[in-house]
1. Just flag the GluC sites (Glu not before Pro) in segment 256-326 sitting in loop per DSSP whose Cβ has no more than 10 other Cβ atoms within 10 Å.
2. Working from Cα positions, state the angle (0 to 90°, nearest 10) between the long axis of helix 52-74 and the longest principal axis of the chain.
3. So what's the net charge close to residue 257: Lys and Arg +1, Asp and Glu -1, counting the other residues with Cβ under 15 Å from its Cβ?
4. In whole Å, how far is the Cα centre of segment 1-36 from that of segment 155-219?
5. Given +1 on the Cβ of Lys and Arg, -1 on the Cβ of Asp and Glu, and no further charges, what dipole in debye does the chain carry about its Cα centre, rounded to the nearest 20?
6. Return the tail of the calculated pair distribution for the chain, meaning the percent of Cα-Cα pairs more than 40 Å apart.
7. What do you get for the angle between helix 115-133 and the principal long axis of the chain? Use alpha-carbon atoms, 0 to 90 degrees, nearest ten.
8. With everything on Cα atoms, drop me the angle between helix 2-33 and the longest principal axis of the chain, reported from 0 to 90° to the nearest 10.
Amino acid sequence: MIWVTWRQFRATILFGVLTPLLLAAITIAITLIDGGVAPIPALQGCLGIGEDYCTAETAQSLAILLTIALPVVLGTFVGVTVFSRDLERRTHVLGLTQSVSRRRWYGVRVLVVFVPTMLAMALLGCALYWAKYRTSPGSFTFMSTGESRLDFPTFGATGFVAGAYTAVGLMLGAACALAMRNTIAAMITTLVVSTAFLALLPTQIREHYANPEVERLTVEQKVGDMYGGTPDFYLPMDSIRIYPRWNVSSDYVDRHGDAVAIDLQQCDWPDDYRDMSEFETVAEYEQYSDRQRANNARIEIDCIRAQGAEAFETKYHEDRPFWRFQAIETALALVIAGLLGGLSLLLVRRLRP
């Protein structure tokens, strides 16, 4: 049965396995030839091949974007077609009327076609992690760039969680094919649902894997920062944040900690702004600007407090639990893939020869 399945789907298997492995090999090769990259936990802003140092960063950025898209592509073109072609051509009748059980007929296809594809995607994610964070030409540490390894799309493309995403896409495609028995309809459904699933994880679910830490500022501190706070390089060295963090939410809150929507249009802003040309010297204009800025800050503070806000809170996760979050999200995705597999088995049992 395994040999027959291989012969029937060898082109599909090779597409599902070789595509991520080839992408991993190309990215690693370019990174090593380029001498490695600094381990910055974000998509690089350098895109192009005009400069030597841009080549590896560009290759990694493109590879990360492709890796995020591959679970959807594989679910649509591999997960669906492994079953839909037989159902549309009714060649499944031959398999279901032989001595092979329906469970084995389904399970062998999952084992021979789906499992190698999942493993290849997991290997791709680990290869991208190594290329991005373990090829630094110097003794760098993770640097604060305003982005974190927990951010989309870096999190889903670097690490073994890419294999779990692929499992969901493939099992979803199989379930859609068995339920609809129409290739185009199953492909469209798989494309839409798997994309929604991948979008739901970083926006609604991932933040709940652990209790976020909270940074609390008074209204005066927040407004003062907006009107010209102290830059990080003027702060004491032990207060500068080196490791990045993933900000989950940033809101003004009331005394109970509930978010408050602030409308600055309700503030009583002055309308007596004077242009620089109205002053005889630059020094006079600068003194006026300082007074105006201080007055605007006071007005904004009073306005925000009048709307019920007591502080400004930022909830965030440190970058350090990257692998713990990977394990949690992988387990969650595999559970969903298992449920879809159980649904597919029920659908297989109801197939009529």
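Values in this text are rule-based calculations from the coordinates and carry no lab data. What you see is a predicted model, and the numbers here were worked out from it, not measured in a lab. Positions of Cβ are backbone-derived with ideal geometry, glycine not excepted, and every protein chain shown enters the neighbour counts.
1. 280
2. Once rounded, the angle reads 50 degrees.
3. -4
4. Each part reduced to its Cα centre gives a spacing of 23 Å.
5. For this selection, approximately 4020 debye.
6. Beyond 40 Å sits 36 percent of the P(r) for the chain.
7. Between the helix axis and the principal axis of the chain, the angle is about 30 degrees.
8. Helix 2-33 sits at roughly 30 degrees to that axis.
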